[in-house]
Each structure stands twice: as C-alpha cells, then as structure tokens.
Amino acid sequence: MPERFKTVLLFGAPGAGKGTQGKILGKIPGFFHLACGDVFRSLDMTSELGKQFLSYSSRGELVPDELTVQMWRENMHAHTVLSLFKPKQDLLILDGIPRNVKQAEALKSSIDVLKVIHLRCTDESAMMLRMRRRALKENRMDDADERVIRHRFDVYHAETHPVLDFYPPATVANIDAMGSPAQVFQRVLEVVIPVQDAHFNRPPS
Ligand code: ADP
C-alpha cells in the first residue's frame, strides 16, 4: 500500500469558516490545503461532472460519494505529480471531505488523519449571515437561497456530523469558530503546529 497522506481535516457546518482558515493555512510553507467544494466549483460546468455538481449543489445535496471520491483521488494525484503537493514535506489540510461516513471509509486507505479540527459555532444565524455575504461576494447560488442553506444544515447534521465519531475521540480538537478570522486562526495554529512538529522533519534553519 502506498504511504497514506498525513492529514488534518477541517470540519464544521456550512459557514463555520473552514474555507477561510484553510486558505490562510495553505499559504504557509509545509501545509497544502484542498477544499472539495473549490475543486467542484472549478470544473467545466458544461462537462458531465460539472452538470452533476450543479444539479446537486443547487439543491443543497451532496454529490454522490463515488463521483466525489474519484474526483478527489484524481485531483490529489494531479497535485502530487505536479509537485504542488509534496507528501513527504507537506501536511495535507482537507476541507469539505470526507462529508459522510462512507467517504471516510473510502478515504481510509489514502489518508492518515492526525487531527480533526472541528470548528464549532452554535449560532446558526451567524453562520447563515456569513453565507449570505459570501453569496454576494463569490456569486455562489447555493448560498443565496434560504431554503437551500437550511437544507445544507440538515444534511450536515444528518450525514456529516456523524463523521466525528468515525475518528478516535483524542483526534478531534474542538475549536470555537466565533471571532475574527485572525482570532480563530490563532486557535487553529495551536492545534496544527504540534502536529507538523511531530510528523515532519524541519530543514535546519
Ligand atoms: P460549504 O462548506 O459551505 O457547505 P462547500 O464549498 O464545501 O460548501 O461545498 C459546496 C457544495 O459542493 C456542497 O453543498 C455539495 O453539493 C458539494 N460538495 C462539496 N464537497 C463534497 C463532498 N465531499 N461530497 C459530496 N458533495 C460535496
């Protein structure tokens, strides 16, 4: 079996700030951030997979597991071949996948999950506000419709939240997702720096 990617999962409800945190982290050498939703949104929307993505995401549904996992594998392979992701040097920060227990099972042979960062936000109205702002900024139609947003929360509670029980309890780090991006980022760093220290040899400075 090829070596599994050393991975930290960014986990949380829609609007909890996974993407914001992941993007900042991905700018730091030694971290490679991949957001499943971003990969889907970068597809050619006239392709078969692009059309499937649009039809599911516009209803607030998950894209079927097999398609999602296959797309994820191809994407990781491409990034690795191009040396954009260097598994021996980079900690993989995954965001938006696995999104249900079946996906977690499917990814088991490919990723070694060292930590799950659970961005917790008990204030759903605050998250909905973030999403409506994002809809305007990023032109995301799945963020614009109140009913679609509601449905995404329902899917999160029913399908995604149980993924937390898939991993050993000691792996899960609960982080308060309220506050400014910088404040939340500080909490995220407190979790990921020790993971990076423990699993990667730093080049001598
Ligand atoms: P958010 O975190 O705000 O829910 P994402 O950008 O992660 O948004 O995902 C947008 C949409 O892309 C999802 O609603 C879903 O339709 C699809 N999607 C993203 N990741 C997955 C996944 N792992 N499995 C199935 N569908 C996914």
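Quick rundown of the values:
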{"read-out": "Some residue of the stretch 186-198 being of a type in the set (Gly, Ala, Ser) and outside any helix (DSSP H, G or I)", "value": "no"}
{"read-out": "Residue within the stretch 169-191 that is among the basic types (Lys, Arg) and surrounded by fewer than 15 Cβ atoms within 10 Å (Cβ to Cβ) present", "value": "no"}
{"read-out": "Every residue from the stretch 88-145 that is touching a Lys or Arg at 6+ places or on another chain (Cβ under 6 Å), within 10 Å of the ligand (Cβ to nearest atom) and either modelled with pLDDT of 95 or more or at positive phi (or both)", "value": "95"}
{"read-out": "Extreme residue, nearest to the ligand (Cβ to nearest atom), among residues of the stretch 34-48 that are more than 21 Å from residue 24 (Cβ to Cβ) and aliphatic (A, V, I, L, M)", "value": "43"}
{"read-out": "Cβ pairs under 6 Å, 6+ apart, first in the stretch 47-64 and over 12 Å from residue 140 (Cα atoms) and surrounded by fewer than 17 Cβ atoms within 10 Å (Cβ to Cβ), second acidic (Asp, Glu) and modelled with pLDDT under 95", "value": "50/44"}
{"read-out": "Residue within the stretch 101-116 that is of a type in the set (Lys, Arg) and closer than 24 Å to residue 193 by Cα present", "value": "yes"}
{"read-out": "Selection count where residues are more than 15 Å from residue 118 (Cβ to Cβ) and either in contact with a Leu (Cβ under 9 Å, 6 or more places away or on another chain) or among the hydroxyl-bearing types (Ser, Thr, Tyr) (or both), scope the stretch 166-205", "value": "8"}
{"read-out": "For residue 10: the one exception among (1) within 11 Å of the ligand (Cβ to nearest atom); (2) over 20 Å from residue 163 (Cβ atoms); (3) in contact (Cβ under 8 Å) with a residue 40 or more places away in the chain; (4) aliphatic (A, V, I, L, M)", "value": "(2)"}
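A quick yes/no check of all residues on (1) of a type in the set (Asp, Glu); (2) surrounded by 19 or more Cβ atoms within 10 Å (Cβ to Cβ):
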position	(1), (2)
83	no, no
88	no, no
99	no, yes
111	no, yes
124	yes, no
127	no, yes
136	no, no
140	no, no
143	yes, yes
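The values are calculated or read from the model by the stated rules, or taken from the named source; none is laboratory data. As the structure is a prediction and not an experimental result, all values here were calculated from the model. Cβ: placed from backbone, ideal geometry, glycine included. Neighbour counts: every protein chain shown.
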